[in-house]
Amino acid sequence: METDEREFFREATLRICGSLDVETFLYESFKYIRQFIPADSIFLTHYCAERGEHVALAQASAEGASLLHLAIPVPPDIRSFVMRPDRVALVVERAETHPTARPWISKGLLEKDSSLLVLRLIVDGDIVGGVTFISKVSAAFNEEHAHLSSLLREPFAIALSNSLRYQELLELKELLAEDNRFLHSELRHKTGEEIIGADFGLRGVMEMVRQVAPLSSPVLLWGETGTGKEVIAGAIHNLSGRREGPFITVNCGAIPENLVDSELFGHEKGAFTGALARKRGRFERANGGTIFLDEVGELQPEVQVRLLRVLQEKEIERVGGTESIKVDIRVIAATHRNLKAMIREGTFREDLYFRLNVFPIEIPPLRERKGDISSLVHYFMQKKAREMGRKDMPVLAPGALERLMSYSWPGNVRELENMVERSLILSGGKPIAFEDIQAPMNQSAAMGVLHIPHLAPGDTLALDAVVSRHIRKVLETANGRVGGKGGAADLLQVNPSTLRKRMRKLGIPFGRKKAEL
Ligand SMILES: Nc1ncnc2c1ncn2[C@@H]1O[C@H](COP(=O)(O)OP(=O)(O)OP(=O)(O)O)[C@@H](O)[C@H]1O
Ligand SMILES: [Mg+2]
């Protein structure tokens with residue numbers, strides 16, 4: 001069959017230059033070209049003259065394409081041969097007989113008896129790479145095939161250099177984004193967030209922070225949502241010898257499950273589809289500084305194992321990498337969940353818990369340090385007014401503070417901060433009254449949580465009995481959980497340890513004891 005060369009060139013070029021994605025253009029063009037050239041697969045390589053190696057970027061066959069990023073050294077004695085730009089297409093009848101093919105055979109990419117058709121890609125007189133057609137049978141290619149393939153030399157050369165540039169761009173973009181994130185966190189910590197209540201409601205917490213900050217021991221912060229765990233983690237970093245190093249935050253619950261490994265530990269180029277460039281993970285970026293593992297209770301068991309390894313060995317391995325990288329980091333973890341209960345349920349590893357829980361700090365909820373509310377409100381009013389560019393400083397309306405003090409703040413400091421911001425926007429310059437705060441009596445009813453039962457005649461009125469009955473009812477509502485958000489202590493607005501003490505005294509079983517009953 002006579003091939004219409006112009007048609008062949010046009011159709012093949014459209015496919016070769018149809019995408020920047022190496023896998024896509026190699027597969028699409030191969031599907032077309034194999035109607036004319038009897039190949040079973042095709043490889044695209046980039047030639048790196050400085051290192052004297054080919055890098056096999058991708059391969060395609062009738063089944064599909066895959067990225068490889070595999071370095072194949074060119075033995076020094078044949079480099080000058082590889083560099084010869086005179087012959088455009090080279091036909092090799094049996095791979096084994098050709099010196100440049102031997103490293104491919106030893107890497108398992110080629111069978112000894114395969115035949116090859118190699119197209120050298122040249123840009124501005126330099127070899128930039130090659131396209132290799134492979135047939136499983138010997139002597140599959142003839143001069144006609146060599147001629148046809150040579151028509152595609154330029155389109156392939158253009159596609160290769162475009163996709164290399166594109167990858168370079170992606171790498172630079174990732175580096176820039178990384179720098180940006182780093183500078184942002186630097187800025188945040190240089191400007192230093194003020195800790196309100198440091199000498200008052202958070203005094204005990206700050207004492208512990210000062211004790212532990214200079215050491216490199218792990219710290220586990222426990223506190224309800226919005227209590228200021230991240231603020232305290234930042235304070236530990238700023239008061240430590242690592243303050244000049246990075247402070248890297250990882251929100252363990254916010255990273256998609258399939259990306260956790262590569263986010264934390266990084267990946268090598270080509271480690272998986274889409275890993276176009278090498279990426280440093282958060283642990284590597286935190287080197288010399290602090291890593292803050294927020295919501296550590298959300299980590300999947302497999303990731304918990306790998307985290308444990310990092311804590312023990314102080315080294316990481318990138319996904320798809322083989323070398324271990326030493327890291328010098330301080331780990332601060334935080335959770336609002338009851339990790340001990342999670343250990344009992346089998347969702348959190350006990351050995352990891354012991355590694356993280358070297359120095360636990362519990363941050364009390366705002367309702368247990370209501371004395372801080374006044375200074376927090378004033379601090380947030382000034383901060384928000386400044387951010388909004390207000391010239392006049394807002395003031396509180398009479399009775400506003402009392403209203404704030406009588407509320408239970410389930411969302412803690414964050415809720416207060418948001419409430420201040422919202423009220424400031426709505427106040428229109430008038431004194432702020434915080435009128436939208438729910439009255440304390442309606443609060444629990446509005447939350448749909450508790451209904452205190454009316455007493456029936458003859459019911460015992462002994463205080464302990466009433467309290468005990470009430471706690472049991474609340475416990476039922478909380479599905480038997482004492483601590484954590486939505487747990488009995490949370491609903492009753494008391495400290496979990498206070499509640500447990502009370503329950504022990506009243507003989508109400510909980511936790512393991514309850515399970516045994
Ligand atoms: N003591 C404090 N002084 C000043 N601002 C505070 C204080 N505590 C918390 N904040 C502010 O309240 C907000 C919530 O704090 P942070 O993010 O540290 O809480 P968190 O415990 O990490 O919450 P979550 O569990 O939801 O992640 C932040 O904007 C923080 O700046
Ligand atoms: Mg947080």
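None of the figures in this text is laboratory data; all of them are computed from the coordinates on show. Just so it is clear, the model here is predicted, and its values are computed rather than measured. No Cβ is skipped: glycine too gets one built from the backbone with ideal geometry, and neighbour counts run over all protein chains shown.
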**In sequence order, calculated HN-Hα J values of region 135-145 (Karplus, 6.51, -1.76, 1.60; Hz; x Gly/Pro)** = 10, 5, 9, 5, 6, 7, 10, 10, 5, 5, 5
**Asked** Which whole-Hz ³J(HN,Hα) couplings does region 335-347 yield from phi under the Karplus relation 6.51 cos²θ - 1.76 cosθ + 1.60, θ = phi - 60°, glycine and proline marked x?
**Response** 7, 9, 9, 8, 5, 5, 5, 5, 5, 4, 6, x, 9
**Item:** Candidate lysines - alpha carbon under 30 Å from Lys485, same-chain residues fewer than 8 apart omitted
**Value:** Lys229, Lys340, Lys370, Lys383, Lys384, Lys473, Lys501, Lys505, Lys513, Lys514
**Message:** Need one number: nm distance between label points at Arg102 and Arg210, each 7 Å from Cα along Cα→Cβ, rounded to one decimal.
**Reply:** 7.2
**Prompt:** About the Cα centre of the chain, what is the dipole size in debye to 20, counting +1 per Lys and Arg Cβ and -1 per Asp and Glu Cβ, all else neutral?
**Reply:** 2620
**Request:** Divide by every residue of the chain the summed helix terms, -39500 (n - 2.57) for each DSSP H run of at least 4, and state the resulting mean residue ellipticity at 222 nm, rounded to the nearest 500 deg cm²/dmol.
**Result:** -12500 deg cm²/dmol
**Message:** Give the lysines whose C-alpha is closer than 27 Å to that of Lys279, dropping any in the same chain fewer than 8 places away, or say none.
**Reply:** Lys107, Lys173, Lys190, Lys269, Lys314, Lys326
**Prompt:** Between region 257-334 and region 398-433, what is the C-alpha centre distance in whole Å?
**Reply:** 40
**Asked** If one takes the longest principal axis of the Cα atoms in the chain, at what angle in degrees, from 0 to 90 and to the nearest 10, does the Cα axis of helix 22-33 lie?
**Response** 40
**Message:** For a quick check: with amide H placed at 1.01 Å from N, whose amide H comes under 5 Å from Ile432's, ignoring anything fewer than 5 positions away on the same chain?
**Reply:** Val395, Leu396, Ala397
**Request:** Please work out the Cα center distance from region 96-124 to region 340-383, rounded to the nearest Å.
**Result:** 61
**Request:** Assuming R0 = 22 Å, can you tell me the calculated FRET efficiency for the pair Phe182 and Leu239, based on Cβ-Cβ distance, to the nearest 0.05?
**Result:** 0.60
**Long-range HN-HN contacts of Gly129 with modeled amide H, under 5 Å** = Tyr47, Leu121
**Prompt:** Of the peptides 291-301, 322-332, how do they stack up when ordered by the mean number of other Cβ atoms within 10 Å, highest first?
**Reply:** 291-301, 322-332
**Message:** Under the rule of at least 5 residues apart or a separate chain, name every residue whose amide H is placed under 5 Å from the amide H of Leu68.
**Reply:** Ala58, Gln59
**Request:** List, in order, the whole-Hz ³J(HN,Hα) value for each residue of region 226-237 obtained from phi through the Karplus relation with A = 6.51, B = -1.76, C = 1.60 and θ = phi - 60°; use x for Gly and Pro.
**Result:** x, 7, x, 4, 5, 4, 5, 4, x, 5, 4, 4
**Complete:** Within the under-14-Å Cβ sphere about Pro364, not counting Pro364, Lys/Arg +1 and Asp/Glu -1 give a net charge of -1
**Prompt:** Do you know the relative contact order of the chain, to the nearest whole percent, from alpha carbon pairs under 8 angstrom that are 6+ apart?
**Reply:** 10
**Message:** Suppose we keep just the DSSP beta bridges with both residues in region 192-362; what percent of those would be antiparallel, to 5?
**Reply:** 20
**Asked** Got a sec? How would Lys269, Lys340, Lys505 order by Cβ neighbour count within 10 Å, fewest to most?
**Response** Lys505, Lys340, Lys269
**Complete:** The alpha-carbon center of region 126-156 and that of region 205-226 are separated, in whole Å, by 64
**Prompt:** Between Arg386 and Glu323, what is the label-to-label distance in nm when each label sits 7 Å out along the Cα-to-Cβ direction?
**Reply:** 4.5
